[in-house]
Amino acid sequence: MTKKIAVFVVVFVLLFSLCSCGFFGPSRYICNPDNVKSVQIVRLDRYIEAEYEFEYTVLHEIADRNGFLKKLNEIKQSKSWGPPLSIDEGYVVVRIEYYNGDYDFIYHDSQSFTRSNKNNSGYFFFDKEEFEQLIAEYIK
C-alpha cells in the first residue's frame, strides 16, 4: 500500500511540475514589440462568417508601439482553464499586427489570435479596470 501511495505522489508531482512549466501553453499573454508592425485601437463592427474575420473601424493608431505594448504586458493577468470566451461585435479592442501578417484582437476577457490564416481564441484575462484605463489613455 505504501508503495502505491509513493508512486501516486511521484506521478502527481511530475504532472504538476509539467503543467506549471507551460505544458498546456503560456500562462501569460506577452507581446514582443520587435515582431509588431502596428498597434491600433479598433471597434469591431461586423463579423463575416464566411471569411472568419471582423470588419472594424480604427479609433486610434498607436505611434509609440513599444510604450503601449510595455503597458499592456504589465497589466495584471490570469488564465482561464475553461473554454475561451469569444470577442464580439461592438467591442473596443487592441489590434496588434505582426510583420509576418498574423494579428491579435485583445479584449480584457477574450482574445482572437490569427496565426498562418487560422483563428484561435485566447485564455487570458486582463484586469478589466487596468485594460480599460489603458484604452482610455488613447481614445479620449
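The values are calculated or read from the model by the stated rules, or taken from the named source; none is laboratory data. Note that the coordinates shown come from a computational prediction; the quantities given were computed from them, not determined experimentally. Reconstructed Cβ throughout: ideal geometry from the backbone, glycine too, with neighbour counts over all protein chains shown.
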Of the conditions (1) at pLDDT 80 or above; (2) hydroxyl-bearing (Ser, Thr, Tyr); (3) more than 16 Å from the chain's Cα centre (by Cα), Tyr91 clears all except one; give me its number. (3)
Complete set of residues in segment 60-70 that are outside any loop (DSSP other than H, G, I, E, B) and in contact (Cβ under 8 Å) with a residue 40 or more places away in the chain: His60, Phe68
Complete set of residues in segment 56-72 that are of a type outside the set (Lys, Arg) and farther than 22 Å from Arg46 by Cα: Ile62, Ala63, Asp64, Asn66, Gly67, Phe68, Leu69, Leu72
Do we have any residue at all in segment 1-16 that's under 19 Å from Gln111 (Cβ atoms) and either modelled with pLDDT under 90 or under 17 Å from the mean Cα position of the chain (by Cα) (or both)? no
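Condition check ((1) crowded, with 16+ Cβ neighbours inside 10 Å; (2) part of a loop (DSSP other than H, G, I, E, B); (3) among the aromatic types (Phe, Trp, Tyr)) across all residues:
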residue	(1), (2), (3)
Val39	yes, no, no
Arg46	no, no, no
Phe54	yes, no, yes
Val58	no, no, no
Leu72	yes, no, no
Ser78	no, no, no
Trp81	no, yes, yes
Asp88	no, yes, no
Arg95	yes, no, no
Which residues, counting only those in segment 107-140, are assigned to a loop (DSSP other than H, G, I, E, B) and under 18 Å from Lys70 (Cβ atoms)? His108, Asp127
Can you name the residue in segment 111-132 that is of a type in the set (S, T, N, Q) and surrounded by 21 or more Cβ atoms within 10 Å (Cβ to Cβ) and, of all such residues, is farthest from Ser78 (Cα to Cα)? Ser112
Looking at segment 78-93, I want the residues that are without any contact (Cβ under 8 Å) to a residue 40 or more places away in the chain and have a partner that is part of a strand (DSSP E or B) with Cβ atoms under 7 Å, at least 6 apart or on another chain. Which pairs are those? Pro84/Ser121; Ser86/Ser121
Test for Ile30: is it at pLDDT below 85 and not small (Gly, Ala, Ser): yes
